[in-house]
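A quick write-up on the structure given underneath.
FYI, it's all coordinate maths here, none of it is from the lab. On a predicted model such as this, the values are computed, not experimentally measured, just so you know. For neighbour counting, all protein chains shown are included, and Cβ atoms are generated from backbone atoms with ideal geometry for every residue, glycine included.
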Amino acid sequence: MVTTDDNKTILDPFGTTIIEDYDKLYEEFGIQPFKPLLNQMPNPSMYMRRNVIFGHRDFDRVLNAMRNHQEFAVMSGIKPSGEFHLGTLMTAREVIYFQQQGAKAFYCIADVESYEDNKIPFERSEKYAAGNIADLLALGFNPKEGYIYRQFTERRVKDLAIIFGRTATLATMKAIYGERHIGLYLSALIQAGDILMPQLKDFDGPKPTVVPVGVDQDPHLRFTRDLAARFHRKYGFMLPSSTVHKIIKGLDGSPKMSKRKPMSYFTLHDRPESIAKKISNAFTGGKPTVKEQRESGGIPEICPVYELCMYHFEEDDKEIIKVYNDCRTGKLLCGEHKQKAIESVLKFVKEHQQKRKKYVDRAKEILQVE
Ligand code: SF4
């Protein structure tokens, strides 16, 4: 786990992440700001336009490939420990976005990590995985232009992890991930294999590769970039690039959505009534009384309902600016806004659940599971 000197920011891919100030991440962790690249992006995504993707590592390399119509890859995945939630929705949409911009897309089922981190046996994670891939396909991932695989059965990833392991000392692993059981260190090496596999000759590598990550996953990128440099001579690896997105707040106002706090999050497969109830009860940036809110407005910057719409469920930039201004000036009240948010979320969720049913068999076929 990596921390700032004052311990007010903690990035731990296997545990707690606390971010007091995103700007500090530029200075202290070497994440580069994304904003200066925005004007050069041929077709920036919603997350890019809205500064949800706020940072990157060496994304210029991928941008050049995009602008010059050269080959590049995008790589991400999901830990099969449950249904799709809003964090996995975000990375899936980012992968699909880059695939639509011409990337060869790699999507990994991180079943070794769910075994090591969540103690989920492989027989059980297989079941989640098939559902997760059905979600991915329903969201628009094109399997013909992509490669979907399980860590546990992908030989090339395991081979890379073994080869990388020779140079990873215990001191390095402790410095990046804290004191953990060996299986988690192994899973970090396997993730490095995931990130660099698109650059193997089997996939016409080396090539620029972008890994869209939540900021809590940035330590994996730092670790893998170091390995890519060490093994450059053997494999010709380029340092992998990343885009880094902010972490959406929990609906209950906690810093992050978490399974441990059921009122803080929902999945795309929860019952509509349950989702509606959680949004109705969500913390807001509103004032204690209607009168006060009409007079002095709300604070969208701290409001999870605003984030829910801005990150995921309002595609129109003009509409989200209007919501922001109407909240600030007291024109929009929280009850009214929550109702609108519930309608948008349930519309999406119901349509998605219908679509997803059609892809379950295809997902099982891709993963070769029953
Ligand atoms: S009006 Fe909407 S954005 Fe503003 S504080 Fe209330 S719920 Fe949040």
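Equivalent-ellipsoid semi-axes (√(5λ), Cα gyration tensor) for region 167-279, whole Å, largest first? Can you show the working numbers first?
Working: eigenvalues 236, 65, 28 Å².
Working through the eigenvalues yields semi-axes of 34, 18, 12 Å.
Using the eigenvalues of the Cα gyration tensor, what equivalent ellipsoid semi-axes result for region 21-117 when each is taken as the square root of five times the eigenvalue, whole Å, largest first? Write out the running numbers ahead of the final one.
Working: eigenvalues 117, 70, 32 Å².
Ellipsoid half-lengths, sorted descending, are 24, 19, 13 Å.
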**Message:** I'd like to compare 121-128, 71-78: which one has the highest average count of other Cβ atoms within 10 Å, and what's the full order after that?
**Reply:** 71-78, 121-128
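For a protection proxy built on the mean count of beta-carbon atoms within 10 angstrom, sort 156-163, 244-251, 93-100, 363-370 highest first, please.
Numbers: 156-163: 17.8, 244-251: 22.4, 93-100: 20.9, 363-370: 16.0.
Going from most to least packed, we get 244-251, 93-100, 156-163, 363-370.
Using only Cα atoms, what Kirkwood radius does the chain have, in angstroms?
For the chain, inverting the mean 1/r across all distinct Cα pairs yields 21.4 Å.
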**Asked** So what is the relative contact order for the chain, in percent, with contacts set as C-alpha pairs under 8 Å and at least six apart?
**Response** 18
**Request:** Please report the base-10 log of the normalised intensity I(q)/I(0) for region 265-370, using a Debye sum with one equal scatterer per alpha carbon and no solvent, at each q in 0.10, 0.23 (1/Å).
**Result:** -0.36, -1.20
**DSSP beta bridge pairing in the chain, given as percent antiparallel to the nearest 5** = 35
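Quick one: work out Rg over Rh on the C-alpha atoms of region 220-295, Rh as Kirkwood radius. Don't jump to the answer; show the numbers that get you there.
Details: Rg = 21.2 Å, Rh = 16.3 Å.
Checking Rg against Rh, the ratio lands at 1.30.
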**Fill in**
Cα convex hull volume per residue for region 184-229, in Å³, equals 75
**Asked** How do 24-37, 221-234 rank on mean C-beta neighbours within 10 Å, highest first?
**Response** 221-234, 24-37
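Over region 252-370, what is the relative contact order in whole percent, taking alpha-carbon pairs under 8 Å and six or more residues apart? All intermediate terms of the calculation are to be shown ahead of the outcome.
On the way: 118 pairs, mean separation 30.8, N = 119.
This gives 26 percent for region 252-370.
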**Message:** Quick check: the angle from helix 155-165's long axis to the longest principal axis of the chain, C-alpha only, nearest 10 degrees?
**Reply:** 80
